[in-house]
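Quick notes on the structure that follows.
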Amino acid sequence: MQQLLKLPRQQCLQAIREGAVKVNHRVDTRSSFFLIEGDLLEIEYYPPEAPQKPVAVDRRVPVEIIYEDDAIAVVLKPPALLTVPTQQRESRTVISELNRILQRRHPPQSAFVVHRLDRGVSGLLVFAKSLEIAEKLRDQFAERKPQRRYHALVYGQVTPEQGTFDSYLATDDQLNRYSTDDEEAGQHAITHYRVIETFVDATYVEVWLETGRRNQIRVHFAEAGFPLIGDERYARDRKPHKAWPVRRIALHALTLGITHPTTGKSLQLESKLPEEFTNFFQALKRKPRDKRRDKP
């Protein structure tokens, strides 16, 4: 893995422990395992975001568990926290905070990463309590089964009012993502959206995904000419919005629907819209129509 991805040893070891490597379709967490001819090696690795201006982490904001049972825990990610540490070995991340909570239990428990949210994005994340459960959930995401809906604020007035972005996302040397027509150079990414409310210089949209690629929503809207408010990577040429004084991306993972990995039952969870969004609407003196429960 270290030779294939050109990564530091410690970062590779961490990824292996988190279940990023499959050998012959099964997760293998052994760092000293030797492959033999004919083995199938699969690596699911998301590179860390390129360094940006440091964002102060508000240590008063806890990682809130909104659902938990013997198999999984669903948490509400604050916008200033990384989901997992990068090679900088950040001491406070969502996974580290959740593990601190779970390891105080009797008996102690551990959390395993299933999917992630970008730095600066808030919302719902599901974690597994074993590698076996994590693998089952990751398979759901790979098969595009989970229902994920996001709410976002973007620059400009989005037209048409409903649509789909469909492209292949590649990564440049600075870890920025961009769309390409080359199927072999990028990962297939499909993003659906609908307009909830239009303001003078911004649009409030609902987004749902068929695929879950890194920076997918941010790239698709930026390339369409409507970058997300607060996005310092893909909206560098835009001035900060007067109604969005906070240093975070105006994107929130509002709902999450999965098939429970042990019961097989449908599990649908929804979070509240962050206060920053409410303040944005009040600053513009308009209240958006609440169509969250409407189906496209």
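Please get the size of the charge dipole for region 46-283, origin at its Cα centre, with Cβ charges of +1 on Lys and Arg and -1 on Asp and Glu, quoted in debye to the nearest 20.
Numbers: 32 positive and 32 negative charges, 200 e Å.
Computed charge dipole of region 46-283: roughly 960 debye.
Cross-link pairs exceeding 25 Å in C-alpha to C-alpha distance, out of LYS22/LYS272; LYS77/LYS285; LYS136/LYS272; LYS22/LYS129; LYS242/LYS272, comprise LYS22/LYS272; LYS77/LYS285; LYS136/LYS272. Protection proxy ranking, highest mean first, for peptides 184-197, 127-140: 127-140, 184-197, where packing is the per-residue count of other beta-carbon atoms within 10 Å, averaged. In order along region 264-272, the phi-based Karplus estimate (6.51 cos²θ - 1.76 cosθ + 1.60, θ = phi - 60°) of 3J(HN,Hα) comes to x, 8, 6, 10, 10, 10, 9, 10, 7 Hz; Gly and Pro are listed as x. Short-range pairs are left out: with C-alpha atoms under 8 Å and at least six residues apart, the relative contact order of region 186-281 is 16 percent. The alpha carbon gyration tensor of region 72-175 gives principal lengths a ≥ b ≥ c with a/c of 1.5 or higher and a/b greater than b/c, which makes the shape prolate. The order of the peptides 161-170, 116-125 by mean Cβ neighbours within 10 Å, most packed first, is 116-125, 161-170.
Taken together, the values in this text are just the output of simple stated rules run on the coordinates, not laboratory data. Quantities reported herein were computed from a predicted structural model and do not represent experimental measurements. Glycine gets a Cβ as well: all are built from the backbone with ideal geometry, and neighbour counts include every protein chain shown.
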